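Here is the structure we will look at.
No lab work stands behind these numbers, since they all come straight from the coordinates. Note that the structure is a prediction, hence the values are computed from the model and not measured. Every residue, glycine among them, receives a Cβ derived from its backbone with ideal geometry; neighbour counts consider all protein chains shown.
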Amino acid sequence: MSEPIKNRYEFVVLFDVENGNPNGDPDAGNMPRVDPETGYGLVTDVCLKRKIRNFVETAKEGEPGYGIYIKDGTPLNTSDNAGFSSVGIDGAASMKPEDLKKAVKKRGEEGVDVDSRVKEFMCGNFFDIRTFGAVMTTMVKGNLNCGQIRGPVQLGFARSIDPIVPQEVTITRVAITTEADAEKKGTEMGRKYIVPYALYRCEGYISANLARRVTGFSEEDLELLWQAILNMFEYDRSAARGKMAVRELIVFKHDSELGCAPAWKLFDTVTVTKKENVISPRAYSDYTVTVDEAALPAGVTCTRMG
């Protein structure tokens, strides 16, 4: 891996959905998430991080240093055990807390800095830990500080530019589950929820300080992150999500580790407005996106991708 990043970043992601459900709410029958007070659509940070993880796993499949810690079908304990095995403690996840603490203490008395070595292994082998951080219960059980790793990259919830009006669509289901049902009826009715169109805005932060002190998030990782954000919906197609695409990624780069201006000042320079005479947007071309680069503080540059 290359050296940790040396510059702070903030970024804005603009993505849209057409006739799909960008992020269903399980507490509301899988309807698209909505702020009930304003009607604006929401997409959680967890949802977006999942897309980024999936892209990295696809693009870097099997490549050392780019494993994914939080992934479908793989118990976290399996990865935790690999971290402890790197310092000579096998089967840590299945140990009782008191036994694991004794094993950690014993290795420490033998001159092994278990905390640092395990953190180095987990950050070095898993891209999402290096990027987003993680809470690793086995390490917490062993009373290691590395059980809670704070990642340098953080995302907020995405919110739609305009209020959304989710639609409930009735569908016909011809696949009957049982023979008894087949004798009673030939088809069944089902429902799915869609947003006809919505443009969403997500804001994110990258701390060079945490990259240097904690995870080692590098310039190579940064380039992969930009690639993953721009393509996070391209390998995640499904009928439920409809047509989704990242339309633009706007990146603010500070010329120092701690930054040259508050994040909100940079985010305020990005304006998304409906074009004149557009009442109900149905395409990205119905909006105008501007960045007031003249208002950027000294030491901050802006790059637009997409």
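Worth a mention:
- Cα lying deepest toward the dipole's positive end in the chain, options Ala180, Leu42, Gly91, charges on Cβ: Gly91
- Ranked by how many other Cβ atoms sit within 10 Å of their own Cβ, fewest first, the residues Phe233, Phe84 fall in the order Phe233, Phe84.
- Placing a label point 7 Å from the Cα of Asp255 along the Cα-to-Cβ direction, the residues of the range 1-16 whose backbone N falls under 16 Å of that point are 6-9.
- Lys, Arg +1 and Asp, Glu -1 on Cβ, resulting dipole of the range 145-270 about Cα centre, debye, nearest 20: 340
- If you plug the beta carbon distance of Asp292 and Glu234 into 1/(1 + (r/R0)^6) with R0 = 35 Å, you get a FRET efficiency near 0.70.
- Residue order, fewest to most surrounding Cβ atoms within 10 angstrom, among Met189, Met122: Met189, Met122
- Between helix 219-230 and the chain there is an angle of about 20 degrees, using the helix long axis and the longest principal axis of the Cα atoms.
- Take the Cβ atoms of Glu223 and Thr172, set R0 to 45 Å, and the FRET efficiency comes out at 0.45.
- Angle between the chain longest axis and helix 97-109 axis [Cα atoms, degrees, rounded to 10]: 50
- Look at the alpha carbon pairs under 8 Å that are at least 6 residues apart: their mean separation over the length of the chain gives a relative contact order of 30 percent.
- The sum of -39500 (n - 2.57) across all DSSP H runs of n ≥ 4, divided by the residue count of the chain, sets its helix-only mean residue ellipticity at 222 nm to -8000 deg cm²/dmol.
- Each part reduced to its alpha carbon centroid, the range 61-121 and the range 159-173 end up 44 Å apart.
- Selected from Leu296, Val278, Val135, residue furthest toward positive end of dipole (the chain; charges at beta carbon): Val135
- In sequence order, the range 81-92 has phi-based couplings of 4, 4, x, 6, 4, 5, 10, x, 10, 9, x, 4 Hz under the Karplus curve 6.51 cos²θ - 1.76 cosθ + 1.60, θ = phi - 60°, and Gly or Pro positions carry x.
- Backbone amide hydrogens, once placed in the peptide plane, bring Gly259 within less than 5 Å of Arg8, excluding anything fewer than 5 places away on its chain.
- In terms of packing, defined here as the mean over residues of other Cβ atoms within 10 angstrom, the peptides 244-250, 165-171 line up highest first as 244-250, 165-171.
- When +1 charges are put on Lys and Arg Cβ atoms and -1 charges on Asp and Glu Cβ atoms, the dipole computed for the chain relative to its Cα centre reaches about 320 debye.
- Taking Lys119, Lys274 and counting other C-beta atoms within 10 Å, the order from fewest to most: Lys274, Lys119
- Thr271/Asp35 FRET efficiency (R0 22 Å; Cβ-Cβ; nearest 0.05): 0.60
- Given Lys51/Lys253; Lys192/Lys275; Lys119/Lys141; Lys105/Lys141; Lys71/Lys253; Lys49/Lys243, the pairs whose alpha carbons are separated by over 21 Å: Lys51/Lys253; Lys192/Lys275; Lys71/Lys253
- The angle between the Cα long axis of helix 114-125 and the longest principal axis of the Cα atoms of the chain comes to about 40 degrees, rounded to the nearest 10.
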